[in-house]
Amino acid sequence: MIHLNIGSNLNSEYGTKFKNISIAVNLLIDSKIKINKISNFYETPSYPNKKLPRFANIGILAEYSFDYTKLIREIFLIERKIGRIRSKKNDPRVCDIDIIDFNGLVKKDKLLKLPHPRSHIRNFVLYPIKEIDPEWIHPVFKKNVDYLINELSQNSRIEITRLRKSVII
């Protein structure tokens, strides 16, 4: 199984951050990704500058018939279609799609690090995974999602909000 995380904290020409994420999901489907589950939206403060707009994120559990290099290329195209301009790290953005786990593959090359190198310390990654795949185990640390959530700081566990709002497909 493949875990993706999609986030946005800016409006785009298409609408709100929630609309950006919904469009990204639909574009992923168009690019031959079979989506099995999608989490609710989660909202968190921007990091590291909490004065910037809050992020909305979702997690996706999916299948993909091709390799991760083809998937990352598709992701870059989708981000660009929605209007992402890559600037400095942690800047606000209309769309950010991360591959969190690609079938348990552990890989590090110029294109990508798998699993995502900070997935185990990000509340906006772990909580959606817990919702859609509560048995998930981190491919490197061999710890389940509940363990990883319990390792988060108290602040990180309370600053995330699960919204009663879903992606529109």
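Derivation of every value follows stated rules applied to the coordinates shown; laboratory data play no part. Being a predicted model, the structure only gives us computed values, none of them experimental. With ideal geometry, Cβ positions are generated from the backbone for all residues, glycine too; neighbour counts draw on all protein chains shown.
Compute the FRET efficiency between Tyr147 and Arg118 as 1/(1 + (r/R0)^6), taking r as their Cβ-Cβ distance and R0 = 25 Å, and round to the nearest 0.05.
0.90
How many nm separate the modelled label positions at Lys50 and Tyr14, each set 7 Å beyond the Cα in the direction of the Cβ?
Going by the 7 Å Cα→Cβ label model, 3.1 nm.
Using packing as a proxy for protection, rank 29-40, 14-25 so that the peptide with the highest average count of other Cβ atoms within 10 Å comes first.
Answer by packing, highest mean first, reads 14-25, 29-40.
What's the magnitude of the charge dipole for the chain around its Cα centre, counting Lys and Arg as +1 and Asp and Glu as -1 at the beta-carbon? Answer in Debye, nearest 20.
500
What chymotrypsin sites (Phe, Trp or Tyr not before Pro) in region 70-169 are in a loop by DSSP, with at most 13 other Cβ atoms within 10 Å of the Cβ?
Phe141
Expressed as a whole number of Å, what is the distance separating the alpha-carbon centroids of region 1-48 and region 96-114?
Taking the Cα centre of region 1-48 as reference, the centre of region 96-114 is 17 Å away.
List every residue whose amide H lies under 5 Å from the amide H of Arg93, counting only residues 5 or more places away in sequence or on a different chain, with H placed 1.01 Å from N in the peptide plane.
Asn9, Leu10
Just want to confirm a number: the relative contact order over the chain, from Cα pairs under 8 angstrom separated by 6+ residues, in percent.
31
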